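Visitor: Provided herewith is a single structure, encoded as structure tokens, for subsequent inquiry.
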Amino acid sequence: MVSVSKMLSTISKKIIKPSSPTPSTQRCHKLSLLDQRPYNYMPLVFFYPKHQVATIPNGPKQLPNLLANSVSKTLTCYYPWAGSLKDNATIDCDDSGVEFFEVQISSQMDKVIHHPNSNIKELTFRQVGDACSAYYFLRDWAALTRNPNAKISPYFAEDSLFPSPFDGPLVASVIESKNKDCIQKRFVFSDSKLSALKAYIADESGLQNPTRSEVVNALLYKCAAFAVSGSSGSFQRSQLIQYSNLRERISPPLPPSTIGNILTVFSTPIYNNERDLRLPKIVRDIRKYKNNLSSKNNLEENEWVVEMLDAYRTGKELFNQRNCDVYLCSSTLMYEYEKLDFGWGRPAKGSLGNVGQFSKNFILMNTPDRGVEAFVNLNEQEMCLFDKDKDLLEFPTPIDRDNLN
């Protein structure tokens, strides 16, 4: 399959600056400890059918100017995102602006995203915000595109929650790339299959109301752990680690629309044998350790902060001291990306581009029909075994396969 990048041609490239200059009192934005970790880009892609875009004045021809003007207004409030990285602890909010591309794709869109006759918008986010921050930005950008007089009010936490270490900001990479032979594959869980999977888990575990995130993560992890063990020829001890948004777990509560990397992680136990890797047990463990976050001081006892500092100070990879295979999951199911309306209706599809350089990695995203799209990264040999797992064959539908190299 020809890569999408080879089908793209650039029509125009602009630098969009905030519509109003940033006040001198807001020129210095201090990055938190969690901001200082070198994050992956998060390439979000949204597809809008032509008949929807045709409803705006002048149709597609007006679209680039409309989006450029509204993102300029949005950047006035999201001023750090239009600044320059001064060092690993500071952004100079100098209104440098953001790159804005208008491109043409020389292909039918169904060959790109399995949906024909669509327009594409791809955005990347890094360093100054997590998935929740990205959603707030897009939500506010959409609001200002629909109504230039809309009021938006993001709040930047900066380093107030997670300040830099006493010995100074992080100055070196915390993690190393692991994309050798890494394969990314997408799986879609329909609403009906999710209902069946949740019902099965509830019956077998006695757990009330298992969530979509809990059951999908457990299934992907179990299938991947068995695939990795099968590929290596012997059982591999492993653990599932998940990111958790802390905005609702911090006391006193944070203002609405708080922007930044406001996260922790929580972990299942390390599974030492095949008997432990049963779906009902994994889901119960996920629920238990997620609920444990409610009884912790997640600012002072933040597992993600501890892992970052340990990796930075030892020069080793994240989670290295756990001495087992680590599977990392990010979920965006609580954010309604699939409902983003810029004035011509909701997208026919919202998805992610190439979302990882790291194996044993899962990302979950909503589909427009209340399903879940899962992005799974494993190496090629592991993925071949993963595909054949009977539970995986029963519940999700595979979409495609992309080599990340």
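The values are calculated or read from the model by the stated rules, or taken from the named source; none is laboratory data. Small disclaimer: the values here were computed from a predicted structure and weren't measured. Reconstructed Cβ throughout: ideal geometry from the backbone, glycine too, with neighbour counts over all protein chains shown. We work out accessible area using only protein heavy atoms, side chains counted, and drop any ligands, DNA or RNA first. Shrake-Rupley method; radii C 1.70, N 1.55, O 1.52, S 1.80 Å.
Visitor: Would you call S24 in contact (Cβ under 8 Å) with a residue 60 or more places away in the chain, among the hydroxyl-bearing types (S, T, Y) and not assigned by the TED database to the domain that holds A348?
Guide: Criteria not met by S24.
Residue-by-condition table, conditions (1) surrounded by 19 or more Cβ atoms within 10 Å (Cβ to Cβ); (2) charged (D, E, K, R); (3) assigned to a loop (DSSP other than H, G, I, E, B):
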residue: Y327; (1), (2), (3): yes, no, no
residue: L333; (1), (2), (3): no, no, yes
residue: E338; (1), (2), (3): yes, yes, no
residue: G343; (1), (2), (3): no, no, yes
residue: R346; (1), (2), (3): no, yes, yes
residue: L364; (1), (2), (3): yes, no, no
residue: R370; (1), (2), (3): no, yes, yes
residue: A374; (1), (2), (3): yes, no, no
residue: Q381; (1), (2), (3): no, no, no
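Visitor: If you go through region 71-97 one residue at a time, how many are under 16 Å from I15 (Cβ atoms), assigned to a helix (DSSP H, G or I) and in contact (Cβ under 8 Å) with a residue 60 or more places away in the chain?
Guide: Of the residues in that region, 5 qualify.
Visitor: Sticking with this structure for a sec: Go through (1) acidic (D, E); (2) open to solvent by less than 50 Å² (accessible area, probe 1.4 Å); (3) free of Cβ contacts under 8 Å to residues at least 40 places away in the same chain and name the single condition E301 misses.
Guide: (2)
Visitor: Another one. Give me the pairs, please: first residue somewhere in region 129-156 and under 22 Å from L263 (Cβ atoms), second residue anywhere and part of a helix (DSSP H, G or I) and open to solvent by less than 30 Å² (accessible area, probe 1.4 Å), beta-carbon distance under 8 Å, and either six or more positions apart or on two chains.
Guide: G129/F137; Y135/Y337; F137/T74; L138/Y337; D140/T74; P154/F137; P154/D140; F156/P80
Visitor: Right, something else. Any residue that is touching a Gly at 6+ places or on another chain (Cβ under 6 Å) and either at pLDDT 95 or above or open to solvent by 80 Å² or more (accessible area, probe 1.4 Å) (or both) - is there at least one of those in region 150-173? Even if it seems obvious, please write down each step before you answer.
Guide: To start, the set of residues in region 150-173 that are touching a Gly at 6+ places or on another chain (Cβ under 6 Å) comprises 157.
Those still in the list that are either at pLDDT 95 or above or open to solvent by 80 Å² or more (accessible area, probe 1.4 Å) (or both) too: none.
No: zero hits.
Visitor: With respect to the numbered conditions (1) under 29 Å from D181 (Cβ atoms); (2) of a type in the set (F, W, Y); (3) more than 13 Å from the chain's Cα centre (by Cα), which one is the sole condition not fulfilled by W344?
Guide: Unmet for W344, out of (1) under 29 Å from D181 (Cβ atoms); (2) of a type in the set (F, W, Y); (3) more than 13 Å from the chain's Cα centre (by Cα): (1).
Visitor: Now for a separate question. Taking the condition of being open to solvent by 10 Å² or more (accessible area, probe 1.4 Å), among the small types (G, A, S) and within 27 Å of the chain's Cα centre (by Cα), how many residues in region 200-223 meet it?
Guide: Adding up the residues that qualify gives 1.
Visitor: Also, I was wondering about something else. Mind checking whether some residue in region 267-286 is in contact (Cβ under 8 Å) with a residue 60 or more places away in the chain and more than 24 Å from F386 (Cα to Cα)?
Guide: Looking through region 267-286, none of the residues is in contact (Cβ under 8 Å) with a residue 60 or more places away in the chain and more than 24 Å from F386 (Cα to Cα).
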